[in-house]
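K.L.:
Take a look at this one; I'll ask things after.
The values are calculated or read from the model by the stated rules, or taken from the named source; none is laboratory data. On a predicted model such as this, the values are computed, not experimentally measured, just so you know. Neighbour counts are summed over all protein chains in view; Cβ atoms, including those assigned to glycine, are modelled from backbone coordinates with ideal geometry. Just the protein is used for accessible areas: all its heavy atoms, side chains included, with ligands, DNA and RNA removed. Shrake-Rupley method; radii C 1.70, N 1.55, O 1.52, S 1.80 Å.
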Amino acid sequence: MTTTHSTVVIGGGIVGICCALYLQKEGLDVTLVEPAMPGDSTAKWSCGQIAVSEIIPQSKPGIIKKVPGWLLDQTGPLALRPSALPGLLPWMLRFITHARRSRIDAIAHELATLTRCAFQDYEPLLAQCRRDDLIGHQPTLELFDDAAGLAHEQTYAELRRAQGFASETLNAEQIAAMEPALAGRFSYGLLLSDWRTVCDTETFLTELADSFVEQGGKLIQDSVSRIESQRGRAVGVTLASGERLPAEQLVVAAGNGSSVFFETLGIKVPLIKVGGYQVLLPNPGVDLTHATFYADGGFGLIPMERGLQIGGTIEFAGKHAKPNFKRAEIILEKAKTILPSLNTAGMEFGAGWRPLLPDTKPVIDKSPLLENVAMAFGHGQLGLTLGATTGRLVADMLQGRESQVDLSPFNATRFTMTGG
């Protein structure tokens with residue numbers, strides 16, 4: 001394979017790793033810059049889902065009526081820290097504009113153009129890894145307390161089915177057969193038959209990063225302090241250590257950290273970080289074989305190689321917020337209500353900060369100021385799902401190939417236009 005260009009990817013989370021791998025497949029000399037250790041990114045503390053039908057935006061009808069409840073009840077599945085409200089208010093106003101049914105339908109369709117490619121786009125990347133079991137074969141369950149909860153979700157299940165994604169209604173007997181540990185607890189559920197769970201989020205990230213290095217990629221544990229440019233093109237980056245890396249192409253895929261480069265890139269994007277909390281039980285004492293999301297409880301139970309992970313809570317906390325692990329304690333106590341025999345010995349709390357945009361869609365675009373810079377950030381809760389697809393699209397973009405996907409819904413300038 002002939003090396004043709006030097007390329008720097010800023011950000012070594014799942015999106016950055018996949019961008020680096022797809023660019024590497026083009027024969028490029030790729031350097032990946034990430035301050036954290038491989039595997040220790042936002043996606044490590046996610047629910048580990050390749051959630052191809054998770055296309056419904058966070059802004060659902062009636063969302064504005066729920067905001068006071070988010071402020072008053074800090075124990076709910078979605079909370080807003082009161083101290084963060086003034087800074088988040090402009091973002092929230094944008095967020096609410098997407099709660100119309102017409103916008104929800106449009107966003108779901110646009111996200112589906114990406115998510116339906118997820119497994120196909122991961123295939124060539126996983127084929128180069130040492131392990132062949134990084135994505136499991138079991139589908140995912142979503143469970144409800146009563147018929148009303150299931151009926152409410154069916155509205156969105158129909159929208160997902162209209163985009164080609166499958167789901168099946170489950171009764172008490174079917175739920176018990178699939179997960180005996182939950183027998184007698186739930187009578188209403190959905191089988192998300194086209195979702196899959198990775199073997200373990202940390203392992204998944206580490207294996208992809210190792211594959212990148214084994215194929216000749218360079219991984220630098222540092223942060224980028226500045227993008228250097230000349231005459232409308234990026235020419236390299238300067239690291240926090242002072243080292244300068246020349247580059248003929250550049251990718252900004254640093255999640256929340258991407259915002260420090262917005263002025264250089266020539267964009268104004270309302271990117272915020274949203275907290276997601278997880279509890280890891282290395283020896284849970286219960287046997288689950290499917291990732292299972294308890295919709296009314298606002299959390300998921302995800303069996304992974306390192307143990308049972310309990311998570312899914314969302315917190316709007318503000319730009320400089322530190323994790324509030326009381327939220328992890330809350331979801332653990334809720335989990336005990338349906339699995340009272342959980343063994344919590346050796347438990348570990350974790351938090352991941354999702355980079356979220358008001359319309360729940362990522363930015364996948366080229367910089368309007370620097371013609372050789374691609375941007376890939378703002379994936380929210382779909383980072384793991386869309387990592388490989390984003391990598392493929394970024395490679396096409398920088399190689400000058402026409403995309404088979406309409407990328408206009410994911411451009412960075414959509415927030416400066418009327419209605420954005």
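K.L.:
Provide the net charge surrounding VAL213, with neighbours chosen by a C-beta distance below 15 Å and charges set as Lys +1, Arg +1, Asp -1, Glu -1.
P.N.:
-2
K.L.:
Express in whole angstrom the spacing between the alpha-carbon centres of the stretch 365-389 and the stretch 217-266.
P.N.:
14
K.L.:
Once fully extended, how much extra length lies between ALA240 and LYS319, figured as 0.36 nm per residue of separation less the alpha-carbon to alpha-carbon distance?
P.N.:
Extra length from ALA240 to LYS319 when fully extended: 26.3 nm.
K.L.:
Restricting to DSSP loop positions (anything but H, G, I, E, B) with no more than 13 other Cβ atoms inside 10 Å of their own Cβ, which trypsin sites (Lys or Arg not before Pro) remain in the stretch 367-420?
P.N.:
Working: sites: ARG392, ARG401, ARG414; in loops: ARG401.
Taking the stretch 367-420 and a limit of 13 other Cβ atoms within 10 Å, the loop trypsin sites (Lys or Arg not before Pro) found are ARG401.
K.L.:
Roll a 1.4 Å probe over the protein heavy atoms and report the accessible area of HIS290 in Å², nearest 10.
P.N.:
Estimated to the nearest 10 Å², HIS290 gives 10 Å².
K.L.:
Sticking with this one: Give the accessible area for THR344 in Å² (nearest 10); use a 1.4 Å probe, count only protein heavy atoms, and leave out ligands, DNA and RNA.
P.N.:
Roughly 40 Å² of THR344 is accessible to a 1.4 Å probe.
K.L.:
Here is a further query. Towards the positive end of the charge dipole of the stretch 166-283, with charges on Cβ (+1 Lys, Arg; -1 Asp, Glu), say which of THR197, ALA181, ASN171 has the farthest Cα.
P.N.:
It is THR197.
K.L.:
Considering only DSSP states other than H, G, I, E and B, which trypsin sites (Lys or Arg not before Pro) in the stretch 265-325 qualify as loop sites with at most 16 other Cβ atoms within 10 Å?
P.N.:
Working: sites: LYS268, LYS273, ARG306, LYS319; in loops: LYS268, ARG306, LYS319.
Within the stretch 265-325, the qualifying trypsin sites (Lys or Arg not before Pro) (loop, at most 16 other Cβ atoms within 10 Å) are LYS268, ARG306, LYS319.
K.L.:
Still on this structure: I'd like the FRET efficiency for ASP145 and ALA183, computed as 1/(1 + (r/R0)^6) with the beta carbon distance as r and R0 of 22 Å, rounded to 0.05.
P.N.:
Once the sixth-power term is evaluated, E becomes 0.90.
K.L.:
What angle do you read, to the nearest 10 degrees and between 0 and 90, between the alpha-carbon axis of helix 147-162 and the longest principal axis of the chain?
P.N.:
Once rounded, one gets 30 degrees.
K.L.:
Now for a different question. Under the Kirkwood approximation applied to all pairs of distinct alpha-carbon atoms, what is the hydrodynamic radius of the chain in Å?
P.N.:
Computed over the chain, the radius equals 21.9 Å.
K.L.:
Something else: On average, how much accessible surface per residue is there in the chain, in Å², for a 1.4 Å probe, leaving out ligands, DNA and RNA? Spell out each step's value before the answer.
P.N.:
Details: 17020 Å² over 420 residues.
Roughly 41 Å² per residue, with all protein chains present.
K.L.:
Angle, helix 326-338 long axis vs. longest principal axis of the chain, Cα atoms, 0 to 90°, nearest 10?
P.N.:
40
K.L.:
If I model a spin label as a point 7 Å beyond the Cα along the Cα-Cβ vector, how far apart are those points for ASN171 and ARG401 in nm?
P.N.:
4.9
K.L.:
Right, next: For the chain, what does the helix formula give at 222 nm: sum of -39500 (n - 2.57) over DSSP H segments with n ≥ 4, over the residue count, nearest 500 deg cm²/dmol?
P.N.:
Counting only the DSSP helices, I get -9500 deg cm²/dmol.
K.L.:
Going through the cross-link list LYS218/LYS361; LYS60/LYS273; LYS218/LYS273; LYS218/LYS319; LYS326/LYS361, which pairs have a Cα-Cα distance over 26 Å in this structure?
P.N.:
LYS218/LYS361; LYS218/LYS273; LYS218/LYS319; LYS326/LYS361
K.L.:
Moving on. Which percent of the accessible heavy-atom area of the chain goes to carbon and sulfur, probe 1.4 angstrom?
P.N.:
Working: 8940 of 17020 Å².
So the carbon and sulfur contribution to the accessible surface is 53 percent.
K.L.:
Give me the net charge of ARG81's neighbourhood, meaning all other residues with Cβ under 13 Å from the Cβ of ARG81; Lys, Arg count +1, Asp, Glu -1.
P.N.:
Neighbour charge sum, excluding ARG81 itself: +3.
K.L.:
Solvent-accessible area of ILE364, probe 1.4 Å, all protein chains present, reported in Å² to the nearest ten, please.
P.N.:
Roll a 1.4 Å probe over it and ILE364 shows about 0 Å².
K.L.:
Where does helix 63-72 land angle-wise versus the long Cα axis of the chain, in degrees 0 to 90, nearest 10?
P.N.:
Around 80 degrees separate the two axes.
K.L.:
Extending each Cα 7 Å along its Cβ direction at ASP287 and THR155, get the distance between those two points in nm, one decimal.
P.N.:
It works out to 4.0 nm between the two label points.
K.L.:
Relative contact order for the chain using alpha-carbon pairs under 8 Å, separation at least 6, rounded to a whole percent? Each step should come with its number before you reach the end.
P.N.:
Numbers: 916 pairs, mean separation 106.4, N = 420.
Contact order relative to length: 25 percent.
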